[in-house]
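Working notes, beginning with the structure itself.
The values are calculated or read from the model by the stated rules, or taken from the named source; none is laboratory data. Nothing here was measured: the structure is a model prediction, and the numbers come from that model. All accessible areas refer to the heavy atoms of the entire protein, side chains included, with ligands and DNA or RNA removed. Shrake-Rupley method; radii C 1.70, N 1.55, O 1.52, S 1.80 Å.
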Amino acid sequence: MSQAATTRTEQIQQLRDILTDVLEVEPDELTETSHFVNDHGADSLMAIDIISSIERDMGVHLPNEVLPELTTLTAVLEVLERYSGASDE
């Protein structure tokens, strides 16, 4: 894993895989705007698991203060894009 995802499409697919796994939903149930809490019953532990999975699988560090922003696929993608350029290397 030298880089996170090399293209936006790969990044979105990797993120969708993480989210469907953590939220325990079928891929077709997760839309860009479906709300994790209201539509998928997510809780705060799942949000922490999402951050941990993104950091582990995609190599992007997300600070805990972004937790309240992780509400939809679109929102997570925006947060991911914001922090993916801020590498610690």
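When all protein chains stay in place, what accessible area (Å², nearest 10, 1.4 Å probe) is found for Thr7?
Counting only protein heavy atoms, the figure is 60 Å².
Run the numbers for Arg16 and Thr33: contour at 0.36 nm per residue of separation, minus the present Cα-Cα distance, in nm.
Details: separation 17, 0.36 × 17 = 6.12 nm, distance 1.24 nm.
Taking 0.36 nm per residue and subtracting the Cα distance, the gain is 4.9 nm.
Relative contact order of the chain: what whole-number percent is it, with Cα pairs under 8 angstrom and at least 6 residues apart? Walk me through the numbers before you get to the answer.
Numbers: 79 pairs, mean separation 26.6, N = 89.
Once divided by the residue count of the chain, the mean separation gives 30 percent.
Quick check for you: with a 1.4 Å probe and neighbouring chains kept, what is the accessible area per residue of the chain, in Å²? Numbers along the way, then the final one.
Numbers: 5510 Å² over 89 residues.
About 62 Å² of surface per residue is accessible.
In the chain, what percent of the accessible surface is made up of carbon and sulfur (1.4 Å probe, ligands and nucleic acids excluded)?
Values: 2590 of 5510 Å².
That fraction is 47 percent.
Would you mind classifying the stretch 10-62 by shape? Square roots of the alpha carbon gyration tensor eigenvalues, ordered a ≥ b ≥ c; an a/c under 1.5 is rounded, otherwise it is prolate if a/b is larger than b/c and oblate if not.
Working: a/c = 2.13, a/b = 1.28, b/c = 1.66.
Judged from the Cα gyration tensor, the stretch 10-62 comes out oblate (a/c at least 1.5, b/c at or above a/b).
Helix 44-58 against the longest principal axis of the chain: what's the angle in degrees, Cα atoms only, rounded to the nearest 10?
30 degrees
Quick one: how many Å² of Arg8 are accessible to a 1.4 Å probe, rounded to 10?
120 Å²
What is the helix-to-structure angle for 8-23, meaning the angle in degrees between its Cα long axis and the longest Cα principal axis of the chain, kept from 0 to 90 and rounded to the nearest 10?
Roughly 50 degrees, rounded to the nearest 10.
Please compute the volume of the convex hull spanned by the alpha-carbon atoms of the chain and report it per residue in Å³.
Working: hull volume 7.7 nm³, N = 89.
Per-residue hull volume (Cα only) is 87 Å³.
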